[in-house]
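Just below is one structure, and these are the notes that go with it.
Derivation of every value follows stated rules applied to the coordinates shown; laboratory data play no part. This structure is a prediction, so every number in the text was calculated from the model and none was measured. Backbone-built Cβ (ideal geometry, glycine too); neighbour counts: all protein chains shown.
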Ligand code: GDP
Ligand code: ZN
């Protein structure tokens, strides 16, 4: 599936940066650049060298930009094609001019993700690694970034390949035994071997899925809703969280209208403040949209911050809210502790059970540290440690792992029931296929197109 044309794009973020890089990939990457380059003959320089010179504007014959050009010849490049990177120094106008000239000279503007797609199609990286490139671009915190980096590194791919290999060998082994039965008990031996292998792989996948929830949170943010009666301090809490933890605003490409989301980084956990418009004012959540609709919003949250007033009795409305969030993940925040106590703390403790209860005075900036610890601890026991674990953070991967696990459970059940091995093999083969989809081995073209279309330009 080699692509034959040469693509180009600005591969650094658009905006005011000191340096911008225009990247080319494809068979004519070097010759197109060499034509415009005033300096060494780029078609003759060694691979993986950086060359100083000028890009000349063919229309005016003037210098368009002073540049450093990296020449990297196939196959030791990101795309496994010839790659040229032009480092420009002169701001967006001249960078755009360089891009324009390259397009006039026969390069084609790359589609979003096309560089990475070529890397994938040319076998340089697998699909889960390509998705990690995208995660890296979008990472909200350094923890999320380290998860993506590891996945890009091929950690997850390595595990998946090992499971597939194990399953494949078992299937092959069993097949040989069935075809050449030298002993009478071959069938039984094969059963035992299958049992052992399917259980092994099953347990490892289960382990991956157990930490997956954390990975998903690091990648996508913890969907967090702030609820409570009017005037308890919800807006104050929101503002405190946003001010203390630099808010990160991300644009999500790939939708017709780019969605803008707000994140705050709480001890490495990206908090996504959900439906801020609706939740900023409780009035909306409970009274205006009604309990049913608000239940829906709450269900879609990973974490609920439920604010109570220390200076007020527990009301019927508070009890209703407690009821609405029972069974969900929540933290009780007792605010306004600088005022005299009216709230019956014992009653709150009984209702909240084992949920954390944090006292704050937002006006005096008290209790916020404790609250942040409690938030981080809800999903990560203690500090977040991305050191040793392989996090599966991508919903697509999690889905496929679940399907693989289910197929293995089907196989295990058939083995328990002493079903014939060729029946068992069907489920083992399904497992093998589900795992293959993660790394793109058995992924369809339309899936691949859809995944790569979510990328940013220039990647
Ligand atoms: P919301 O309606 O739940 O969003 O509540 P707000 O955040 O708008 O706060 C309502 C009022 O309570 C404002 O006047 C805040 O300044 C005040 N407030 C918020 N937190 C505290 C607190 O810890 N102590 C006191 N005394 N007042 C607070
Ligand atoms: Zn408010």
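Brief remarks follow.
- Percent breakdown of C-alpha pair distances by 10 Å bin, ordered from the shortest bin, for region 7-126: 15, 48, 32, 5, 0
- Sequence ranges 321-334, 352-365, ranked by mean other-Cβ count within 10 angstrom, highest first: 321-334, 352-365
- Under the simplified labelling scheme, the residue 60-residue 193 pair shows an inter-label distance of 7.4 nm, with each label point 7 Å from Cα along Cα→Cβ.
- Protection proxy ranking, highest mean first, for peptides 115-121, 164-170: 115-121, 164-170, where packing is the per-residue count of other beta-carbon atoms within 10 Å, averaged.
- Highest mean packing first, where packing is the average number of other Cβ atoms within 10 Å per residue, the peptides 340-346, 411-417, 23-29 line up as 23-29, 411-417, 340-346.
- For region 1-118, the relative contact order comes to 32 percent (Cα pairs under 8 Å, sequence separation of at least 6).
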